[in-house]
Amino acid sequence: MKKGILIFAAAFTLLSGCTPNVTKEQLENASYGHPPTAYKATINDYLDGSLKDPESKRVKYAGEPKKGHWYYSGDKFGYFVCATVNAKNSYGGYAGKSAYFFGFQDNQMQAVFSDDEYLSTQYINCMCAQKPINSITLSCK
């Protein structure tokens, strides 16, 4: 249910053309909170509640948490972790890799974006690279 709400809000934000670009000053002066320490356990708990077959999940992290920003009902600043996830579907076969963006602030997961029917892999890759996003094409500027 949580995933559906986050994805709906992200899709609504994108479709309304409100994917702002933050300034260098905003990035320098933002409050990022503390880096997440137990982020892998938090992400695993989230995935266990959202995948059809969580026991089959294969998670590949794209590094350690980094300072950054995302847009979810306004600009948010914190730490983010990107990963690819593959797990079995209801037919028992692996569904294929999906890109994920997990946003944290003060060791709390604040946002999850994944490439599914609402968001593209290209969009998630732009977020993970912290590149500005064109709100019409949903690609990196």
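The values are calculated or read from the model by the stated rules, or taken from the named source; none is laboratory data. Values in this document were obtained by computation on a predicted structure and should not be read as measured data. For neighbour counting, all protein chains shown are included, and Cβ atoms are generated from backbone atoms with ideal geometry for every residue, glycine included.
If you filter segment 116-141 down to residues that are hydrophobic (A, V, I, L, M, F, W, C) and buried (at least 18 other Cβ atoms within 10 Å of the Cβ), you find that the one that is nearest to Trp70 (Cα to Cα) is Met127. All of (1) under 20 Å from Gly49 (Cβ atoms); (2) touching a Phe, Trp or Tyr at 6+ places or on another chain (Cβ under 8 Å); (3) among the polar types (S, T, N, Q); (4) free of Cβ contacts under 8 Å to residues at least 60 places away in the same chain hold for Ser114 with one exception: (4). Checked against (1) at pLDDT below 90; (2) of a type outside the set (A, V, I, L, M, F, W, C); (3) in contact with a Pro (Cβ under 7 Å, 6 or more places away or on another chain), Pro65 passes all but condition (1).
Of the residues Tyr72, Tyr32, Tyr39, the single one that is touching a residue at least 24 places away in the same chain (Cβ under 8 Å), in contact with a helix residue (DSSP H, G or I) (Cβ under 7 Å, 6 or more places away or on another chain) and either at negative phi or of a type outside the set (Asp, Glu) (or both) is Tyr72. The residue of segment 101-115 that is nearest to the chain's Cα centre (by Cα), among those that are in a loop (DSSP other than H, G, I, E, B) and surrounded by 15 or more Cβ atoms within 10 Å (Cβ to Cβ), is Asp115.
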